[in-house]
1. Expressed in nm to one decimal, what extension gain is obtained for the pair Glu251 and Ser448 from 0.36 nm per residue of sequence separation less their Cα-Cα distance?
2. Which one, Leu304, Ala62, Leu234, projects farthest toward the positive side of the charge dipole computed for the chain from Cβ point charges (K/R +1, D/E -1)?
3. Do the sum for the chain: with -39,500 (n - 2.57) for every DSSP H run of n ≥ 4, divided by all residues, what is the mean residue ellipticity at 222 nm, to the nearest 500 deg cm²/dmol?
4. As I understand it, the dipole of the chain uses +1 on the Cβ of Lys and Arg and -1 on the Cβ of Asp and Glu, about the Cα centre. Which of Leu355, Ala163, Leu268 lies farthest toward its positive end?
5. Got a sec? Charge dipole of the range 1-150, +1 on Cβ for Lys and Arg, -1 for Asp and Glu; which of Met74, Gln42, Ser136 is way out at the positive end?
6. Just how much of Ile184 is accessible, in Å², when a 1.4 Å probe is used and the result is rounded to the nearest 10?
7. Per residue, how big is the convex hull of the range 179-243 when only Cα atoms are used? Give it in Å³.
8. Percent of Cα-Cα pairs per 10 Å bin, from 0 to the last occupied bin, for the chain, please list those.
Amino acid sequence: MTAERCTVFVLPGLGLDARSALPLQAELDERFRVVAVELPGQGSAPDASEGSVAAQVDAALAMIREAADGGPWMLCGHSMGGKVAAAVAARIRDGEPGIFGLLGTVLLAPSPPSPEPMPAEKRRQMLSWVAEDGISESDAQTFVDDNVGAVLPPERQRETVDAVARMSPLAWRRWLEEGSVEDITASVGTLDLPCRVLAGVEDEALGADAQPDLLADVYPRARFIALPGAGHLLLQERPGEVAAAITELWEEIAEHSVRVPAEWGTLLASPRVSARVRSTLARRALPDDPAYRPRVLSSGQLELLRAVAARVVPQPPGGSIDLAARVDADLAAGGGDGWRPAGALPDDEAYRAGLDQLARVWPEGAEARDGVLREVIAGTAIPGITADADDLRRWFEDVRVDLVREWLCHPASLARVGYDGFATGAEEVSFAGYLALGAGLRDGWEPSDLGAVVDETEGAA
C-alpha cells in the first residue's frame, strides 16, 4: 500500500465539539481527510434518547457510516471520545453493517472501557455546574484552565470555553453519572489493531502514568507516548504532536498492509455481505504487526519462512502481507487445512524441522533460492540436507498451500483476482445471487473492474 488518502474520524471529548478538530486538521497534510464526529449533546448534535455508551456509539457509527467512502480510515478519540472509539472499533471488528476499512486508532488521554478513574471531588464539582441550568462561561473557563498544562493561545482558549459552555447539560450530566462509570470491557474485549496512545504528563487522572495500566490489555499493539508539559486537552494543546502521531501510524500501516480498493470496501460494507463474513475479512485486512513475535517458530525460522514466502508468493513493492507471520499465528491457534500426509509430523513440528533442514542449504540471491526450492519441489536429494527428500517435498507442498491461502484470503487479494463470491449474505436484500454469468460481465452492484454491466431485465429473462 502506498501512503495514500486516509480518513480520520475524530471523536471529541466531553465539552468539546467538531471545531476542536480544526487545529489537528490544519497540521495534517493532504493525505488525510478529517471528519469530526459530534457525539450526542456536543455542538449542534441533539441529545441521545438515553445516557449509555451504546447510545453514543450508535450516533458515532451513524455519522461514520454516512461519511465513509469505502477507503481506509482511522479513529482519533479524545477523553470521552476514546471510550466511544473503543466500542466503535469493537463493533467494526464484529462486522458492523455499513462500514468497512478501519485500520488503526490514535487515542488522546482516553477514558478507558472500564469505569473512568475520576476523583470524586472533581466529579461533584463538574456536576454542580449543571445543577440548575447550562454551563456558565465562568465554569467553562474553570474546566479549560484545570485541564491544560499551559495557557492556550487566546483565540483557541475562547473557542474551547465557548464549546464547553454550549454543551448540552443533559449530555454533560449523563456522561458523569452514567457513561464514564459504565464498564464495557467485556463487549470491547481485545482490540488487536495498530494503536498510539498520547497523554499529558500534567494530566491528573488520564495522564501518561495512568494509561498503560488502563489500556495495555485492551490494545496489545499500543505504543504509549508521554507529552511533557501537556494536560488533558491535547487537541487544543498539542495538535502538531497529535498530527505527527497520526502520520507516523498511517505510514506504518501503509508499509504493513495492502490496500482494499474503495469500491470493494463499499461492497464489503454493504448488506450483501453477512456480518460474520465482514468481521472475518475486516480482521484479515488489518495491518500486520511489525513487532510480531513468533509463537511456534523461532525468530530465525520465521525469517527464513518470510524469505521462502517472498519466492513462493512474490508481492509488489510497497505494502505487503506478512504471510509467514500469519502462518505462524495459524499454527499457534491450531489452524491449517485439517490434514497431513500419513506418517508426517504434526504441522508445528513439521514446520520447525523443515525450516531447519532448509536453513542448511539456504543460499543468498533470488535465483539460487529458486533453484533450491525447485529441487525441494521435485523431491531431489540435496547435499547438506539430512531429511528424506520425499518427506521434505510433501512438507513443502503444505507450505506452499498455506502461504497461498494466507495471501488469497485477504480481501485485497480477493479484489485483485476479481472474486466477490463473499457478497451473498443477503441480510437486507431480497435477492443476493448473480444475474450476469460470463467472463467480463457483472451485475450493477459489483465493482466496476469486474467488467461490463449486463442489463438486469435481459439477464433475468
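The values are calculated or read from the model by the stated rules, or taken from the named source; none is laboratory data. Keep in mind the model is a prediction, meaning the values are calculated, not measured. Please note: Cβ atoms are built from the backbone with ideal geometry, for glycine as well, and neighbour counts cover all protein chains shown. Accessible surface is based on the protein model in full, side chains and every heavy atom, while ligands, DNA and RNA are left aside. Shrake-Rupley method; radii C 1.70, N 1.55, O 1.52, S 1.80 Å.
1. Difference between extended and current length: 68.1 nm.
2. My answer, from the dipole projection, is Leu304.
3. Estimated from H runs of four or more residues: -13500 deg cm²/dmol.
4. Going by the charge dipole, the pick is Leu355.
5. Going by the Cα projections, it comes out as Met74.
6. Accessible area, nearest 10 Å²: 20 Å².
7. 97 Å³
8. 4, 19, 25, 21, 16, 10, 4, 1, 0
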